[in-house]
Ligand code: UD1
């Protein structure tokens with residue numbers, strides 16, 4: 001069957017695999033390249049479809065792009081186009097990431113409201129409100145079912161902005177908009193995810209002046225506007241969510257695994273959880289080694305949260321492994337309102353999960369049984385791969401393309417860890 005993954009499960013994981021570059025870091029960094037007149041070189045870039053989408057968007061704007069094996073060259077010397085096609089925008093929510101940089105560079109953006117994973121309504125009000133505070137005018141229009149907006153500004157003004165919620169995307173957009181603003185922008189209640197730090201590191205390497213402080217208990221980012229950015233070569237950090245997915249797979253199936261390059265300092269919540277569930281986790285210079293028996297005890301209660309709490313992107317993989325823990329576990333999804341799409345698929349494999357709103361109650365079963373299931377979004381798709389690895393017999397996961405949005409080659413990585421897995 002095309003676009004599927006087949007797994008013969010039921011065995012522990014043994015071996016080692018290397019962790020790819022971070023999806024959520026590289027996407028805003030690619031947007032930031034728009035602000036640099038010259039060629040930005042981005043290394044350790046994951047080979048995923050979201051990067052290809054972002055490259056297409058940059059090309060539409062006039063960038064000359066070149067993609068190597070794990071590197072990107074983005075030449076934004078001649079950017080002139082300010083309209084993004086609706087097809088590419090609806091395919092990827094991160095297209096919203098371009099708004100701040102495009103406004104800083106071109107003073108105008110025309111695009112429709114972005115798409116992305118089906119994990120809730122995912123509004124962009126926090127982005128647009130913050131940009132309006134910087135002097136941007138937003139006009140909306142509707143054509144049939146499609147809703148577009150035009151954002152314009154003569155010159156962005158640095159100002160004080162306090163986000164109502166530390167949205168990752170809105171924080172990145174304000175930082176990017178603030179680079180070419182007149183004056184200094186002070187962004188209070190900014191997100192603290194490591195991907196924000198990576199974006200700031202890229203911009204600082206290019207010549208930006210950005211400072212992060214704790215102000216009255218709130219993370220505050222101060223960006224001095226008007227610094228000229230010069231071309232830079234930057235290495236994307238490893239992906240903490242991909243590494244976390246593989247840690248959870250070892251917890252589910254048991255085994256002994258080395259994850260090379262795992263960004264340990266950004267993975268405290270998942271490492272703590274692995275230890276609390278009995279795994280032996282050893283941090284070494286080049287990554288982490290995990291030794292675990294297949295999960296036995298339930299978790300009682302866990303909620304997802306903003307960094308450094310347990311990431312929402314690992315909620316579905318966690319759900320997958322708790323299906324075989326003894327007793328009851330309750331998982332509360334606190335970031336997105338509709339991120340339980342995987343429950344029906346896991347139940348098809350013999351799991352016993354009931355989901356009400358944002359809360360899932362998992363009653364452990366002896367085993368999962370392989371069958372055909374459908375990925376409906378990126379992280380849920382990866383979680384079904386974990387379920388297939390745990391399950392007895394053969395599992396087929398349809399809609400592999402969702403997983404390719406964020407995992408370079410999940411089949412290759414699990415093959416490295418001894419799983420009988422192939423693309424169907
Ligand atoms: C980013 C990550 C995503 C991760 C999420 C939370 C990227 C490309 N994606 O998504 O993998 O799951 O952070 O860690 O980096 N919200 C609003 N209005 C807004 C913006 C957000 O209500 O204008 C809400 C969202 O609907 C959601 C919550 O805030 O409920 C968190 O969203 P946000 O932090 O912005 O996540 P993203 O940047 O979309």
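The values are calculated or read from the model by the stated rules, or taken from the named source; none is laboratory data. What you see is a predicted model; the values in this text were computed from it and never measured. Counting neighbours? That spans all protein chains shown, and the Cβs are built from the backbone with ideal geometry, glycine included.
What number of residues within the range 312-332 are closer than 16 Å to residue 377 by Cα and buried (at least 21 other Cβ atoms within 10 Å of the Cβ)?
Final tally of qualifying residues: 8.
Checking residue 406 against (1) over 16 Å from residue 9 (Cβ atoms); (2) part of a helix (DSSP H, G or I), which test does it fail?
Here residue 406 meets the rest and fails (2).
Do the conditions hold for residue 47, that is, is it under 25 Å from residue 417 (Cβ atoms), surrounded by fewer than 19 Cβ atoms within 10 Å (Cβ to Cβ), more than 16 Å from the ligand (Cβ to nearest atom) and at pLDDT 95 or above?
yes
With respect to the numbered conditions (1) at positive phi; (2) buried (at least 16 other Cβ atoms within 10 Å of the Cβ); (3) free of Cβ contacts under 8 Å to residues at least 60 places away in the same chain, which one is the sole condition not fulfilled by residue 210?
Failed condition: (1).
Name, by its number, the condition in (1) touching a residue at least 12 places away in the same chain (Cβ under 8 Å); (2) within 13 Å of the ligand (Cβ to nearest atom); (3) in contact with a strand residue (DSSP E or B) (Cβ under 8 Å, 6 or more places away or on another chain); (4) in a helix (DSSP H, G or I) that does not hold for residue 203.
Just one mismatch for residue 203, condition (2).
Output yes when any residue across the range 10-17 is touching a residue at least 12 places away in the same chain (Cβ under 8 Å), closer than 18 Å to residue 239 by Cα and surrounded by fewer than 16 Cβ atoms within 10 Å (Cβ to Cβ), and no when none is.
The answer is yes, given that some residue of the range 10-17 is touching a residue at least 12 places away in the same chain (Cβ under 8 Å), closer than 18 Å to residue 239 by Cα and surrounded by fewer than 16 Cβ atoms within 10 Å (Cβ to Cβ).
Cβ contacts < 7 Å: first residue farther than 22 Å from residue 24 by Cβ and in contact (Cβ under 8 Å) with a residue 12 or more places away in the chain, restricted to the range 155-180; second residue within 13 Å of the ligand (Cβ to nearest atom) and not in a helix (DSSP H, G or I), any location; separation 6+ or different chain. Result?
If the second residue must be within 13 Å of the ligand (Cβ to nearest atom) and not in a helix (DSSP H, G or I), the pairs left are 162/189.
Quick one: in the range 142-167, of everything that is crowded, with 20+ Cβ neighbours inside 10 Å and under 20 Å from residue 219 (Cβ atoms), which residue is nearest to the ligand (Cβ to nearest atom)?
167
Residue under question is residue 187, and the condition is that it be farther than 27 Å from residue 20 by Cα, buried (at least 20 other Cβ atoms within 10 Å of the Cβ) and within 16 Å of the ligand (Cβ to nearest atom); does it hold?
Yes; evaluated as a whole, the condition is true for this residue.
Give just the number: which of (1) within 16 Å of the ligand (Cβ to nearest atom); (2) within 30 Å of residue 70 (Cα to Cα) does residue 210 not satisfy?
Condition not satisfied by residue 210: (1).
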